[in-house]
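First the structure, in the form of structure tokens, and then the observations on it.
Every number in this text was worked out from the coordinates using simple rules, so none of it is lab data. Bear in mind that the values here come from a model prediction, so they are computed numbers and not experimental data. Here the Cβ positions follow ideal geometry from the backbone for every residue, glycine too, while neighbour counts run over all protein chains shown.
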Amino acid sequence: MDIVTTQAKHYEKPELTPERKALYDRLDAKHVAPLWEVLSKIIPASPTPETIPALWRYEELRPLLMEAGRLLTAKEAERRVIMLENPAVRGQSKITQSLYSGLQMILPGEIAVCHRHAASALRFVIEGTAAYTAVEGERTTMHPGDFILTPSWSYHDHGNPGNDPVVWLDGLDIPLVNMFDSSFFERHPEERQPNVIPEGDALARYGANMMPVDYAPSGHSSPIFNYPYSQSRDTLDRLYRFGPVSPCHGVKMRYINPATGGYPMPTIGAFIQLLPKGFRGLTHRATDATVFSVVEGSGRTKVGDQMFSWGPRDLFVVPSWYPVAHEADVESVLFSFSDRPAQQALGLWREEAPVRA
Ligand code: GTQ
């Protein structure tokens, strides 16, 4: 499908005369500046993201992550993560304007010590079955495809008591928190937090379409902190059979906070979608730049005028407002996350689906 992206008309910048230029230089000396020279840049008619579309192949990253494992312990690194840096903003530790992402690895026998920070984090498990994340006193075992939360200011530590390396995708709102200059961080007094709640408690208590009768929210995030892939995969499977299938998204579901129906965390939303075999999706776009992690299958995604071919465990990013269209050769599953809840809370989120041709 061909896209015609028309830039809405903006105002015309006044002519730069020598007298005006002389005034601007005098303004400059006083740390003031003429708005009319920059208005269309600071208030573009539609989003003009600095970040660009990009794809990372897992088979290229994995050996590098394993080498990092030989050179540093998880403890030395605090977190052994290779960050996915958007190629247009290298050195800024971000994959989109508002979000950070990276691949974290823990080797057998290692732990990542307990800490907490103002930034909210999600984990999406890529490889390995034996590691755990502990959040506020409860451990959860991490299986590939599980979506795991560590909400703002919750103590968390990770460990791998198994025999194989475990790798997961981290998504944090670090750039957003730093935009507000509201970052805090502290270590737990112990390397591992005490394990005081039985594993599975949160999912049993909050994950069965019931809430404890006296439930009162203790924070801004979901009381569930592991959304197991077994459940989400089964749901996608059934919904594909029941239909309908969205012409843009296939079968796409949004993870929720069961207490509110809203997003699991205030700043980061997450989604999982099934693209049927042979799917040829319509072009759509939205203002939330989105990071995709391929769980199963193979296909292609057109982002702007670039085509990214992907397979299991590959990662790609779609910046704000870029037209995007997915195609699947075989039945495929994509996990994704973005800052959609933050934009919606502020009344900023927009989408166009399908994009007008
Ligand atoms: O696991 O707590 O990728 O604190 C970056 C910062 C992961 C974590 C990251 C972190 C963590």
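Here the alpha carbons of the chain define both size measures, Rg and Dmax, at 22.2, 74 Å.
Each Lys and Arg Cβ is given +1 and each Asp and Glu Cβ -1; about its Cα centre, the range 20-73 then shows a dipole of about 240 debye. Name the aspartates and glutamates eligible as straight-distance cross-link partners of Lys21: C-alpha to C-alpha under 20 Å, and not fewer than 8 places from it in the same chain. Partners found: Glu12, Glu37. Could you give the angle, 0 to 90 degrees to the nearest 10, between helix 229-242's Cα long axis and the longest principal axis of the Cα atoms of the chain? The two axes meet at around 70 degrees. FRET efficiency for the pair Asp201 and Asp305, taken as 1/(1 + (r/R0)^6) with r the Cβ-Cβ distance and R0 = 45 Å, rounds to 0.40. Dipole orientation for the chain: of the candidates Leu61, Pro217, Met253, Met253 has the Cα lying most toward the positive pole (charges on Cβ; Lys, Arg +1; Asp, Glu -1). Please work out the C-alpha center-to-center distance from the range 100-149 to the range 47-66 and express it in whole Å. Measuring centre to centre over Cα atoms gives 20 Å.
When Val251, Val32, Val113 are sorted by how many other C-beta atoms sit within 10 angstrom of their C-beta, beginning with the fewest, the order is Val32, Val113, Val251.
Rounded to the nearest 10 degrees, the inclination of helix 58-71 to the longest alpha-carbon principal axis of the chain is 70 degrees.
When Phe180, Phe271 are sorted by how many other C-beta atoms sit within 10 angstrom of their C-beta, beginning with the fewest, the order is Phe180, Phe271. With unit charges on the beta carbons (Lys and Arg positive, Asp and Glu negative) and the dipole taken about the Cα centre of the chain, which residue among Pro14, Val294, Gly109 sits farthest to the positive side? Farthest towards the positive pole: Pro14. The trypsin sites (Lys or Arg not before Pro) of the range 269-303 that DSSP puts in a loop, and whose beta carbon has at most 16 other beta carbons within 10 Å, are Lys277.
Please rank Asp288, Asp28, fewest neighbouring Cβ atoms within 10 Å first, as an exposure proxy.
Asp28, Asp288
Short-range pairs are left out: with C-alpha atoms under 8 Å and at least six residues apart, the relative contact order of the chain is 16 percent.
Computed over the range 141-280, relative contact order equals 27 percent, with contacts defined as Cα pairs under 8 Å that lie 6+ residues apart.
Between Ala68, Ala134, Ala342, the GNM of the chain built on Cα springs shorter than 10 angstrom shows Ala68 fluctuating the most. Once all Cα-Cα distances of the range 1-132 are split into 10 Å bins that start at 0, what whole-number percent is in each one? Reading upward from the zero bin: 9, 25, 23, 16, 15, 10, 2, 0. Given +1 at the Cβ of Lys and Arg, -1 at the Cβ of Asp and Glu and no other charges, the dipole of the chain around its Cα centre is 720 debye to the nearest 20. Axis angle, to the nearest 10 degrees, between helix 18-29 and the longest C-alpha principal axis of the chain: 40 degrees.
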